1. Over the range 34-187, what is the mean sequence separation of C-alpha contacts under 8 Å (at least six apart), divided by residue count, expressed as relative contact order in percent?
2. If you wrap a convex hull around the C-alpha atoms of the range 160-255 and split its volume per residue, what is the figure in Å³?
3. Which value does Rg/Rh take for the range 55-97 over its C-alpha atoms, Rh per Kirkwood?
4. Under the rule a/c < 1.5 gives rounded, and otherwise a/b versus b/c splits prolate from oblate, where does the range 191-231 land using the Cα gyration tensor?
5. At a threshold of 8 angstrom on Cα-Cα distance, excluding pairs fewer than six apart, so keeping six or more, what relative contact order does the range 128-219 reach in percent?
6. Taking 0.36 nm per intervening residue step and subtracting the Cα-Cα distance, what contour gain separates residue 213 from residue 147 on full extension?
7. From zero outward in steps of 5 Å, how is the percent of C-alpha pairs of the range 122-207 spread across the bins?
8. Rounded, prolate or oblate: which fits the range 89-167 when a ≥ b ≥ c are the square roots of the eigenvalues of the alpha-carbon gyration tensor, with rounded for a/c under 1.5 and prolate only if a/b beats b/c?
């Protein structure tokens, strides 16, 4: 997810101008300049004070078969939470939620307790995930899981990691030399074919005491490389998750944004 950036850019420009002015004053024998580091706390999106433990249960995952995104996402989020959350991490087997959802669908159809829903056996794109969403609304199931693990906060959801191929014009800087031998950097637009991956996770936070969903949030990131570049799928997965993890953590725990202030004395 990408938010507006105009405020941050304006702030950086203001700080740069202030720093330049301060440097000029020092050169002229003016006041002393102090650069003060600051930290701005950001409150979590979700109140987790009722919980002492967190279970990253598993994800309904799809896309490329080169990466087991269910296993990898669970391992990564547990690792991050161990170092950056006060909640105790429950070490449990990763749940194969796609199989769980398929079994629940078959049981519901046999018992007639719910309309039969066809779940795609192979999740290739976003529309294939939609029928699986009913799993996260099954409060009885998640309450049962919560009772098994002493009523923790449960983290689950969906993860889609798919290859991408795209063609089009790309802006890049090209070095040139003028008639006097001076180096000049010229922006140019070049038609290129690129390939890479798209990562679309949806994190769902469930109250293990009641089985009800407390909060959910979806993200989408992609990375593209030169068509001749060979990048392993797992490397691309971790590159994209690195962008998303701070947003995930900000849901559960307070984060600090570091910056500086320039003071004159």
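Derivation of every value follows stated rules applied to the coordinates shown; laboratory data play no part. Note that the structure is a prediction, hence the values are computed from the model and not measured. No Cβ is skipped: glycine too gets one built from the backbone with ideal geometry, and neighbour counts run over all protein chains shown.
1. Averaging sequence separation for qualifying contacts and normalising by length gives 30 percent for the range 34-187.
2. Hull volume normalised by residue count: 150 Å³.
3. With Rg and the Kirkwood Rh in hand, the quotient comes to 1.01.
4. Prolate, since a/c reaches 1.5 and a/b exceeds b/c.
5. 37
6. 22.2 nm
7. 3, 10, 13, 11, 10, 9, 7, 7, 6, 6, 6, 4, 3, 2, 1, 0
8. In terms of gyration-tensor shape, oblate.
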